1. So ASN60 fits all but one of (1) among the polar types (S, T, N, Q); (2) at pLDDT 95 or above; (3) touching a Leu at 6+ places or on another chain (Cβ under 7 Å); what number is the exception?
2. What residue, among those in segment 1-39 that are in contact with a helix residue (DSSP H, G or I) (Cβ under 9 Å, 6 or more places away or on another chain) and assigned to a strand (DSSP E or B), is modelled with the highest pLDDT?
3. Restricting to segment 71-85, what's the tally of residues that are polar (S, T, N, Q), out of contact with any Ser or Thr (no Cβ under 7 Å at 6 or more places or on another chain) and more than 16 Å from VAL57 (Cα to Cα)?
4. Please identify the pairs in which a residue from segment 52-64 that is more than 12 Å from TYR94 (Cα to Cα) has its Cβ atom under 6 Å from the Cβ atom of a residue that is buried (at least 19 other Cβ atoms within 10 Å of the Cβ) and among the hydrophobic types (A, V, I, L, M, F, W, C), counting only partners at least 6 apart or on another chain.
5. For the condition farther than 23 Å from SER115 by Cβ and not hydroxyl-bearing (Ser, Thr, Tyr), what is the one hit in ALA91, ALA42?
6. Which ranges mark the strands (runs of 3 or more DSSP E) fully within segment 69-133 that have 2 or more residues being over 25 Å from THR27 (Cβ atoms), among the hydrophobic types (A, V, I, L, M, F, W, C) and in contact with a strand residue (DSSP E or B) (Cβ under 6 Å, 6 or more places away or on another chain)?
7. Which residue is surrounded by the fewest Cβ atoms within 10 Å (Cβ to Cβ), if the candidates are limited to segment 24-79 and must be within 22 Å of ASN109 (Cβ to Cβ) and among the hydroxyl-bearing types (Ser, Thr, Tyr)?
Amino acid sequence: MKRKVLAAGSFFVAYAAASAATASDFTINVPLVLTNLPNATAAKVYCSVTAPPDNSVVGNGSTRFVVVGGKYSGTVTVAFDAKTTKPPGTATQYSCFLGLEGKAAKGTNFESSYSMLVSDWLGATGQTITINPSNPAVVNGALPGHK
């Protein structure tokens, strides 16, 4: 079963209909807006889908993209297959989070994600960043057909 999920960076979640033409078991689209990040060079959206009763990972993937001029606006598509040991139909939940890559104030490369993103960014660049509505930058919810 192929599934598509549309997850917005503002945590508003809407679902797109599954398509038989989809090559991957899961396709998650995350609308994302990044602004005022002059030290950012790239970003990555990481996604996974899980199954009950223990929230075991059915599959995961990520998509990396370039950040130009400290900003990005668009939809990031993360497509991936279920693990060979887990059937795709067992997944009921998805979760995605943001990672950033950049140049530190001293010129070295760095990257950070999830709950350390805000503090790592401040330490590396001296810039305070805000993640709306909260840190860590996570979007999650039920897959289509599951509550």
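The values are calculated or read from the model by the stated rules, or taken from the named source; none is laboratory data. None of these values were measured; they are calculated from a predicted model. Neighbour counts run over all protein chains shown; Cβ positions are idealised from the backbone, glycine included.
1. Among (1) among the polar types (S, T, N, Q); (2) at pLDDT 95 or above; (3) touching a Leu at 6+ places or on another chain (Cβ under 7 Å), ASN60 violates only (3).
2. Residue satisfying both the conditions and the ranking: PHE26.
3. 2
4. Filtered contacts from segment 52-64: THR63/VAL45; THR63/VAL76; THR63/VAL78.
5. ALA91
6. In segment 69-133, no matching strands (runs of 3 or more DSSP E) lie anywhere.
7. THR35
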